[in-house]
Amino acid sequence: MNSSKSGYHHGHLRDALILAAAALIEEQGSLSFSITDAAKRAGVSSAAPYRHFHDKQDLLDNVRDLAFIGLHSALEETQKNYRDNSDTGAAVYAMGLTYLNYARNNRAFFSLMWEDHGQMQPERQNLAHKSEGFSLLLSSVENHLIQGSGKSLCQNAEQKALYLATQLWALAHGVATLENNQLLNMFDKSAQAENILVDAASALLAGIDQVDTNRFETQG
């Protein structure tokens, strides 16, 4: 997520402040800047941000949106690169690795995207809407299941795909979070994020046929 160009241009104050805040997060690796710092970075008065944002949290919410857009773009590019690849399993692994690399390259933004900073509950529905990257992962999983069965997905199979995509997202997110916090190799010093992600994802894909589809029939 490149946010180096954060100078103010007339008529684009709101965008300039969002980019300024993003640049500060990128440089400092934290969310500890003040809204006045963002104004200074954008080259405007300390009062200017309040024309567009209620407070710092409001500004951070807009930076969060920018981070989700960046993740979606990265996943979309990966999906496009594997569109003509007959190995649908490799396409699923690539989506997970893209998620991992995005978290590595945007550590502070990754934290902002997913951690609870005091208002996660009211933001829950908004996050679900913003996390369109999950739909791209789900699409890759569905393609893999379609190739494996040779037919379109029935309702149970669609639920199975959603279940598997959720498992894969939880896997990628967990690995990325542990690595970002330097905890992944706490027990196994040889642990490598890519290996864990691909090996575990492979096991999930191989074991999907063992999932009891009856559980999906009782879900509303």
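Only the coordinates and a few stated rules stand behind these numbers; no lab work does. Just so you know, these numbers come straight off a predicted model, no measurement behind them. Cβ placement follows ideal geometry from the backbone for every residue including glycine, while neighbour counts extend to all protein chains displayed.
Overview of results
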{"read-out": "Charged-residue dipole, Cβ positions (Lys, Arg, Asp, Glu), the range 18-168 about Cα centre, Debye nearest 20", "value": "40 debye"}
{"read-out": "Relative contact order computed over the range 15-71 (Cα-Cα under 8 Å; 6+ residues apart), in percent", "value": "40 percent"}
{"read-out": "For the range 55-217: lysine pairs under 26 Å (alpha-carbon distance), excluding those fewer than 8 apart on one chain", "value": "6"}
{"read-out": "Summed residue charge, Cβ within 10 Å of residue 33's Cβ, Lys/Arg positive, Asp/Glu negative", "value": "+1"}
{"read-out": "For q = 0.11, 0.17, 0.21 Å⁻¹, Debye-computed log10 I/I(0) when each Cα of the range 36-102 counts as one equal scatterer", "value": "-0.46, -0.68, -0.82"}
{"read-out": "Stretch gain in nm, segment residue 87-residue 114, where the contour uses 0.36 nm per residue and the Cα spacing is subtracted", "value": "6.6 nm"}
{"read-out": "Size of the range 55-217 as Cα extents on the principal axes (Å, biggest first)", "value": "52, 38, 33"}
